[in-house]
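Structure record follows, encoded as structure tokens.
Rule-based calculations on the coordinates, nothing more; no lab input. Note that the coordinates shown come from a computational prediction; the quantities given were computed from them, not determined experimentally. As a convention, Cβ positions derive from the backbone with ideal geometry for all residues, glycine included, and neighbour counts pool all protein chains shown.
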């Protein structure tokens with residue numbers, strides 16, 4: 001079955017960077033987009049961008065350009081998102097989700113990674 | 001960016017009721033609209049895709065309709081397990097955007 005397993009919670013200092021991972025299993029990693037979504041505590045959902053592991057093409061929400069960098073490692077079927085120059089506004093749960101072209105939505109989600117930015 | 005205006009932001013209903021949540025897009029999104037259910041502390045769960053298609057395993061009391069700019073999610077015969085926040089999401093153009101959410105409570 002399709003699974004997306006994300007890395008654990010992170011506590012990071014303001015100004016630092018953090019890298020979150022999303023390990024895929026149960027399907028061909030290089031055939032589906034991996035999207036990333038942000039959810040601040042008690043808030044709604046924001047789409048960050050996607051990476052297509054087959055050719056490592058990426059697309060970003062303009063709002064997150066310079067903040068998020070998406071990469072993927074085909075050998076380990078793992079997608080990564082690096083967040084840089086962290087501020088309190090970046091404290092959130094970050095989800096990876098598999099993109100299904102037919103849906104233009106997300107049927108499969110990772111469990112989420114909580115990033116807390118605090119001194 | 002396409003704005004997704006979801007209403008109401010909160011809703012209280014009784015068990016067995018039928019409720020409707022609406023989502024209005026700021027421009028034409030054809031049928032590229034998905035609905036999600038998110039329970040506290042859980043991940044979003046896909047309910048409906050392409051406006052009216054029920055995702056695998058989702059109970060048939062959930063239904064979706066609409067096209068263009070206006071969409072609805074209907075839950076009939078409300079059950080206790082339906083307590084959650086519901087979000088719409090457009091997949092017409094990037095950046096994909098979500099509605100602000102509707103928090104459903106049981107009276």
| Cα extents of chain A along the three principal axes, largest first (Å) | 40, 28, 26
| request: Using only alpha carbon pairs under 8 Å that are at least six residues apart, calculate the relative contact order of chain B and give it in whole percent. | output: 39 percent
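Tell me the relative contact order for segment B:9-52 as a rounded percent, counting alpha carbon contacts under 8 Å between residues six or more apart. Intermediate results must be reported in sequence, preceding the final value.
On the way: 31 pairs, mean separation 12.9, N = 44.
RCO, segment B:9-52: 29 percent.
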| message | Just to be sure I understand the curve: with the Debye formula and one point per C-alpha of the protein assembly as shown, what is log10 I(q)/I(0) at q = 0.11, 0.15, 0.17 Å⁻¹? | response | -0.54, -0.99, -1.22
| Any idea how far apart residue B:14 and residue A:31 come out in nm if each label point goes 7 Å out from Cα toward Cβ? | 5.0 nm
| remark: So the pair-distance distribution of chain B, from every Cα-Cα distance in 5 Å bins, comes to percents of 3, 14, 26, 26, 19, 9, 3, 0
| request: Using only Cα atoms, locate the centre of segment B:53-107 and the centre of segment A:41-72, then give the distance between them in Å, rounded to an integer. | output: 24 Å
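Over segment A:22-119, calculate the relative contact order: mean separation of alpha carbon pairs under 8 Å at least 6 apart, over the residue count, as a percent. Show your work: numbers first, answer last.
Values: 194 pairs, mean separation 27.4, N = 98.
Computed over segment A:22-119, the figure is 28 percent.
Mind pulling the per residue volume of the convex hull built on the Cα atoms of segment B:1-53? Å³ is fine.
Working: hull volume 6.2 nm³, N = 53.
Cα convex hull per residue, to the nearest whole number: 118 Å³.
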